[in-house]
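Input: a single structure, listed below in structure tokens.
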Amino acid sequence: MLRFFENLVDPYRSYDESDVPPARLWPFMRTYVEPFRAIFVFAIVFKAIVAFGDVAIVWYVGRLIDFLAQGGPTTVWADHGKEILIVGAVILFVRPLFSFVDVALLHNTITPNFGTLIRWRSHRHVLRQPVGWFENDFAGRIANRIMQTPPAAGEAVFQVLDAVTFALTTVIAAGVMFADADIRLLIPLGIWIVLYLMLMKWTVVRAAPASTASSDARSAITGRVVDSYTNIHSVKLFAHHDREVDYARGAIEDARQAFFREMRIITTMDVTLTFLNGILIVGISALSLYLWYIGSMTVGAVAAATALVLRLNNLTYWIMWATTNLVQSLGVVMEGMETIAQPLKLVDAERAGPLALTKGGIEIRDLSHHYGRGSGGIDGVTMTIRPGEKLGLVGRSGAGKSTLVKLLLRFYDAERGSILIDGQDVSAVTQDSLRRQMGMVQQDTALLHRSVRENILYGRPEATEAEVIEAAKRAEAHAFIAGLRDEQGNTGYDALVGERGVKLSGGQRQRIALARVILKDAPILILDEATSALDSEVEAAIQSTLYGMMEGKTVIAIAHRLSTIARMDRIVVLDEGRVIEDGTHESLLELGGIYAKLWNRQSGGFLADDISAEESGE
């Protein structure tokens with residue numbers, strides 16, 4: 001039975017993804033509420049029926065008292081016995097049925113599925129953001145908002161459907177009951193409602209920003225703590241335990257002060273509400289007794305009115321807390337929107353199609369990109385890489401090598417100029433199709449916190465086990481993989497590598513990354529210091545594999561160790577974002593320019609970054 005309610009809404013149903021989510025709260029919530037619209041209507045109806053039934057029971061108790069006051073047991077039973085039995089049957093059998101549907105809709109249909117739908121769609125949207133977007137925020141804070149926003153939104157919806165609906169129905173039903181007893185009872189009730197709404201407005205106006213401030217403060221704690229944990233090696237290496245504790249304490253203290261401010265509002269609200277409820281209890285009870293005294297109300301009506309006002313007294317605390325929780329939850333949602341509702345910074349063109357790669361030729365035309373700063377990056381780069389050509393890219397740190405590669409992969413859109421692959425502008429094709437045609441091994445290799453096999457299969461998920469092992473062997477990784485064992489007892493290719501691959505050495509991570517790219521076998525290959533983490537013996541063993549990988553592919557290889565790119569077809573030297581030399585290894589040495597100076601000044605085969613401007617011809 002409960003499975004029926006659990007499956008009323010599919011949180012993973014297809015939907016139209018938006019590149020620009022609503023930036024305001026209610027339109028943002030409405031996009032997620034849409035699949036639940038009919039369910040919400042039913043939930044409100046059943047909640048109203050349940051709330052009305054609770055008030056009706058109190059009213060009927062008053063009616064029953066009047067029955068008892070009018071005659072003896074025999075007379076009462078003869079005149080009203082059938083009615084009493086029917087009411088008892090309704091309370092025993094009908095009321096639980098409506099309550100079951102009410103609770104099942106809230107707890108089994110809405111609560112689990114609504115949060116799941118938001119988390120699923122938010123994660124999909126965030127993953128579509130470009131690399132640069134992630135580089136401008138903490139991964140921990142992004143994840144924290146993805147995790148906190150769905151339950152907060154679910155809590156807000158729950159409070160509206162549960163507490164607000166129940167409260168409105170109860171107050172309306174109570175008003176009807178009071179009017180039935182004596183319309184003059186509506187006077188103290190009306191005065192109390194006005195004062196209660198004023199208090200609620202006062203609380204909401206102050207609680208919303210206070211809740212947002214508390215939520216921001218908690219996110220700041222998460223960001224600082226995650227930053228320390230992520231960089232735990234540096235923390236331990238520099239013996240900065242106390243510094244990191246103090247760094248976190250500052251954010252923790254800010255959160256405590258923000259929480260103090262929030263709780264002051266709650267305390268003021270609670271004390272004021274107690275006083276207002278006293279006015280309601282005394283007002284209704286005193287007026288009921290007076291009306292009974294003058295003969296306008298029966299004893300049963302007085303009892304029912306008194307019981308009902310006590311019920312309202314208890315209900316008001318719940319409603320005020322529910323309203324406060326609602327506002328606090330919406331504050332968390334609004335904070336989460338700062339991440340989840342951000343428009344996509346980089347999208348496919350409206351009529352973008354897949355990249356039709358035929359030869360693998362790359363043409364770069366007057367390409368400039370400075371990350372919006374007006375300097376740095378690259379400036380006016382123009383070059384052509386022929387199909388199947390092996391290009392070495394050289395330059396000191398900050399020369400623009402990584403920027404050029406990021407633009408080629410379309411991690412950013414160039415501020416000026418264009419990149420064409422087989423005559424197709426990379427900005428006019430889909431991002432996924434572009435990157436599927438490229439394999440890249442980076443200097444800073446970070447693996448997924450999954451098994452070795454899953455990390456290698458990331459290159460080509462449909463590959464067979466034999467192909468995975470062959471790729472690992474070609475990357476000189478199979479031998480050490482066979483000896484791996486994690487804390488859960490998994491061995492070999494099933495062993496988990498840890499977050500970002502921390503359980504492996506730099507060289508081991510690099511070789512698994514190489515195996516992944518070997519398995520992908522993309523026609524365009526980008527090597528960004530691909531052997532930087534390998535020792536000389538392993539590098540020598542893998543060199544033949546690297547050159548084998550390059551056969552028939554268009555290759556861009558970045559290296560500080562110039563000996564690793566000396567055999568490239570061409571070498572391009574970048575400096576301050578511009579191409580200053582272009583030619584073969586031999587021709588550049590004969591030229592006697594910056595490349596020749598770098599080659600001659602290498603120490604241990606690495607690029608020297610300390611060449612002065614005079615020596616480099618600047």
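Annotations
- Membrane-span-like helices in the chain, defined purely by DSSP H runs whose alpha carbon atoms cover 15 Å or more axially and whose average Kyte-Doolittle hydropathy reaches 1.0, are 37-70, 165-181.
- Environment charge of residue 17, counting only residues whose C-beta is closer than 12 Å and scoring Lys/Arg +1, Asp/Glu -1: 0
- Residue-normalised accessible area of the chain, expressed per residue, 1.4 Å probe, Å²: 50
- Nearest-0.05 FRET efficiency for residue 30 and residue 85, computed from C-beta distance (R0 41 Å): 0.30
- Matching label, semi-axes √(5λ) of the Cα gyration tensor in Å computed from the structure shown, candidates (1) 41, 28, 23; (2) 71, 26, 22; (3) 48, 43, 23: (2)
- Applying 1/(1 + (r/R0)^6) with r as the Cβ-Cβ distance of residue 465 and residue 2 and R0 = 41 angstrom yields a FRET efficiency of 0.50.
- MRE, 222 nm, helices only [DSSP H, n ≥ 4, -39500 (n - 2.57), over the chain, to nearest 500]: -19500 deg cm²/dmol
- Label-to-label distance, residue 187 versus residue 128, with points set 7 angstrom from Cα along the beta-carbon direction: 6.1 nm.
- Whole-percent carbon and sulfur share, accessible surface of the stretch 24-96, 1.4 Å: 73
- When only Cα pairs below 8 angstrom with a gap of at least 6 residues are kept, the chain shows a relative contact order of 14 percent.
- Multiplying the residue separation of residue 285 and residue 359 by 0.36 nm and subtracting their alpha-carbon distance yields 17.7 nm.
- Were the residues from residue 544 through residue 436 laid out at 0.36 nm apart, the gain over their Cα-Cα distance would be 36.4 nm.
- Within the chain: Cβ-based charge dipole about Cα centre, in debye rounded to nearest 20 (Lys, Arg +1; Asp, Glu -1): 1340
- Computed from the Cβ-Cβ distance with R0 of 56 Å, the FRET efficiency linking residue 66 to residue 37 stands at 0.80.
- Gyration tensor (alpha-carbon) shape descriptor, the stretch 312-428, a/c threshold 1.5: prolate
- The heavy atoms of residue 496 offer some 50 square angstrom of accessible surface to a 1.4 angstrom probe.
The values are calculated or read from the model by the stated rules, or taken from the named source; none is laboratory data. Keep in mind it's a predicted model, so treat the numbers as computed, not measured. Every residue, glycine as well, gets a Cβ built from its backbone with ideal geometry; the counts of neighbours run over all protein chains shown. Each accessible area value is taken on the protein alone, full model and side chains, heavy atoms only, with ligands, DNA and RNA left out. Shrake-Rupley method; radii C 1.70, N 1.55, O 1.52, S 1.80 Å.
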